[in-house]
1. Divide by every residue of chain A the summed helix terms, -39500 (n - 2.57) for each DSSP H run of at least 4, and state the resulting mean residue ellipticity at 222 nm, rounded to the nearest 500 deg cm²/dmol.
2. Which GluC sites (Glu not before Pro) from segment A:389-486 combine a DSSP loop assignment with at most 13 other Cβ atoms within 10 Å?
3. If I take every Cα pair under 8 Å that is 6 or more residues apart in chain A, average their sequence separation and divide by the length, what percent do I get for the relative contact order?
4. Among DSSP beta bridges whose residues both lie in chain A, state the antiparallel percentage, nearest 5.
5. How long are the three semi-axes of the equivalent ellipsoid for segment A:117-274, computed from the Cα gyration tensor as the root of 5 times each eigenvalue, in whole Å, largest first?
6. Could you tell me what fraction of 2.2 N^0.38 Å the Cα radius of gyration of segment A:436-539 comes to, as a two-decimal ratio?
7. Using amide H atoms built in the peptide plane, which far-off residues or other-chain residues are under 5 Å from A:Arg45 H to H?
8. Using a 10 Å cut-off on Cβ atoms, rank the peptides A:200-207, A:378-385, A:44-51 from the highest mean neighbour count down.
Amino acid sequence: MIISSVELIILAQHVRRLDVLDRQATSTGSEKETIVTDNITKPARTRYAPSPTGNPHIGNIRTAIFAYLWAKHTGGQFLLRIEDTDKKRQTETGVQDIKNSLGWLSLDWDEGPDKGGPFAPYVQSERLDLYQSIAKKMVEDGTAYYCYCTPERLDAVNKAKQAIKQAPGYDRRCRTISETEKEAALASGLTPTIRFKVPLEGKTTFTDLVVKPLTVENSTIQDAVILKSDGFPTYHLAHIVDDHFMEISHVIRGQEWLPSAPLHVMIYQALGWEMPAFIHAPVILNPPGQKGKLSKRDNAVSVSQYSELGYLPEALMNFLVLLGWSYDDHTEFFSMEDLIKDFDIARIQPTPAKFNIDKLDFLNAHYINHVLTVDDFARRCLPFLAEYGVISPEEAANPGARWEFIRAACALVKDKVKTLAEVPVEIDFLFKPGAALEYPATDLIGKNEGPAAAAQVLEETINYLRDIPDETYNDRDAILAGLTEISENKLHLKNRGLMLWPPRVALSGRTKSPDLMGMIITLGRAETLARLEKGKQSLA
RNA sequence: GGCGCAUUCGUCUAGCGGCCUAGGACGCAUCCCUCUCAAGGAUGAGACCACGGGUUCGAAUCCCGUAUGCGCUACCA
């Protein structure tokens, strides 16, 4: 039976208890401060412990990034643990959503579900015996107690307290309940919860590595439920037990946990366990003009959404890590390698940061324009081209002979696009048949003198492109030189722009387009001539 | 209501007592480059370091109040 082996472990922990006690956070009146373990010298073990309730929120993922980077920076391990202790909130795809998000960002975990590890299982619902035995042990130790109160009574207590302007919270009735009352409650078929017995007096102090040392009066902390009546633990118990047995050295989590951190410190102490270091990362706020935490009401908040919007994982990563962390006063671009080398939790800032999409756009454009290779870029464009209906899903999965054309088409806009999603919008005209292009004939004129002048430019362009050898046709500089020559010496135009405008519109159907020479080459001679001819006709 | 955390250009931030008449980046403006749109280059506007008291020879940097913002206050995480 698993319980007995667990209890052996607990016993072993109790033996360690005495020598550990001196080194950890104090409570119950003592003014000693927490001694934070030296985190630089030894490899860290960190974890990302989400609850499978849907696509991970970006603020949540950022703490995963911090945890991952810190583990890797110190040469340690990053674990994934699924905290599915609330059956009501589960999503069917929750676990997969989490894995997808981490995978997309290349946040690979060393231990976790599927992958296994020395402390498996890494799913809390598969570790119920452990939590139950420890909660029971705490009751026996006198650091926790059974609570027989019904949800209705709890609710009534809260309402009553609020009515007289008191802080809501449990009144600790079952701490002192009589045996007969207990028996009565049990007889009525009620399953008790287990609550942690918070010391009534004194203070608890602990040090967060990001926020300052924090002290609270024990009297302000609730006797939190640690084991629910359905036999599942609450977060408060489960994460402590798991972090302990999984030998987590640094608990990196969102700042919304700060208020309950003292409770966690007291539970560690009650268990006699050595504490990990705490790092409470700042929350991410709504963009300027909106109040509150980054919310999905008006913003994209999940990793998958940003993926769908055409952002690169490199850019999102770079952006997110800079929200609340900085390396120095000027470095702005960080590759994963840079981050692993340079990341330091000591430089995480405690101040909440507003989410500024402009900066993300800038970083995304930077990665697309200057970091990605053409092949890599085009490959990443495939799903977006398919989504937009420019190529088929089959072609996206396996471009085959189409690849060269797709690649060339994408290359045309690589330097001007901010997101992957813009690509099909910018180049769809290359994929449509030229005959399907619709645009006002007057667009062809531009700054030329009139329809006749524009038609003449098209005429000359057609003649030139028709007659040059293949080698010249595929040489953008040669084409540009050829067209320039015609513009200057044959048509005597005021500037080269007048020469290049009509073909631009004829080929793309737009007044804003990629590089003309690029379009000429990518479309190929036959298609190019057909489009130019169509343009010329429309001016007649 | 109670408890907690935070507070430097519109935004992200550098700054950890004298290098600050506060540096960088995004965005914005102007100019240059230019085949359109971008990109790129240059320049500029933009912060009395939330406010008020201290401590100090000296404070954005330390302390205390106030204000504001944010978080927590569940048999959710």
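The values are calculated or read from the model by the stated rules, or taken from the named source; none is laboratory data. No experiment lies behind these values; they were computed from the predicted model shown. As a convention, Cβ positions derive from the backbone with ideal geometry for all residues, glycine included, and neighbour counts pool all protein chains shown. These area figures cover heavy atoms from the full protein model, side chains too; ligands, DNA and RNA do not enter into them. Shrake-Rupley method; radii C 1.70, N 1.55, O 1.52, S 1.80 Å.
1. -13500 deg cm²/dmol
2. Loop-located and lightly packed - A:Glu438, A:Glu449.
3. Result for chain A is 13 percent.
4. Restricted to chain A, the bridges split so that about 55 percent are antiparallel.
5. They are 27, 22, 14 Å, listed from largest to smallest.
6. 0.95
7. A:Gln77, A:Ser249, A:His250
8. Ranking, from highest mean packing down: A:44-51, A:378-385, A:200-207.
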